[in-house]
Amino acid sequence: MTRAELETPTLFAVHPHWSDRVNHNIIQSEIDGGVYLRDLPRGIVLEIETMDWICKLEYCGGYEAKVSGHPKYCPEPVQVYVSGSTWGGSMLKQFFIGRGMHLEFLHPVHQTVLTSPIIDIREVRP
């Protein structure tokens, strides 16, 4: 395998049975960027800036994380299950945190929490 082959990402191919809007949204999420939880090491801390708050997310593995930063849902770190991201509807891009999308997680008290659109995702270095 050549170096170019190793660095070429696998991109989404348009699905013939999905609407143009769904295919567009999936392709746009790859252009805008984001992270798959499966690619994150346990213990990494991300700062996720949404349109109305900044979420601190510490990945615990197994699609679980400790989130904090919201005055109502998580003023102190709380362990949640990260479902993924949506475009505001019912279609979920599982275990993905994407710019321009809404983060969805399952909170032990508040159940499903859907954030405002994500503006940026940054790694917090110690």
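A short reminder: the numbers here are calculations on the coordinates, not readings from a lab. Fair warning: this is a prediction, and the values are worked out from it, not measured in the lab. A quick note on method: Cβ atoms are made from the backbone with ideal geometry, for glycine too, and the neighbour counts reach across all protein chains shown.
Things to note:
- Once the C-beta distance of Cys60 and Ser90 is scaled by a Förster radius of 41 Å, the resulting FRET efficiency is 0.95 to the nearest 0.05.
- Residues of the range 83-98 with amide N under 13 Å of a point placed 7 Å along Cα→Cβ from Val109: none
- Computed from phi, the 3J(HN,Hα) profile of the range 83-98 under the Karplus parametrisation 6.51, -1.76, 1.60 (θ = phi - 60°) reads 6, x, 10, 10, 9, x, x, 8, 7, 10, 8, 4, 6, 10, 10, x Hz, with x in place of Gly and Pro.
- Label-point separation, Glu76 to Trp53 (7 Å along Cα→Cβ), nm: 1.6
- Rounded is the label for the range 34-123, because a/c, from the alpha-carbon gyration tensor with a ≥ b ≥ c as root eigenvalues, stays below 1.5.
- Distance between the C-alpha centres of the range 80-126 and the range 30-72: 8 Å, rounded to the whole angstrom.
- Taking the range 34-123 and dividing mean pair separation by its residue count, relative contact order in percent (alpha carbons under 8 Å, at least six apart): 28
- Prolate/oblate/rounded label for the range 30-80 (Cα gyration tensor, a/c 1.5): oblate
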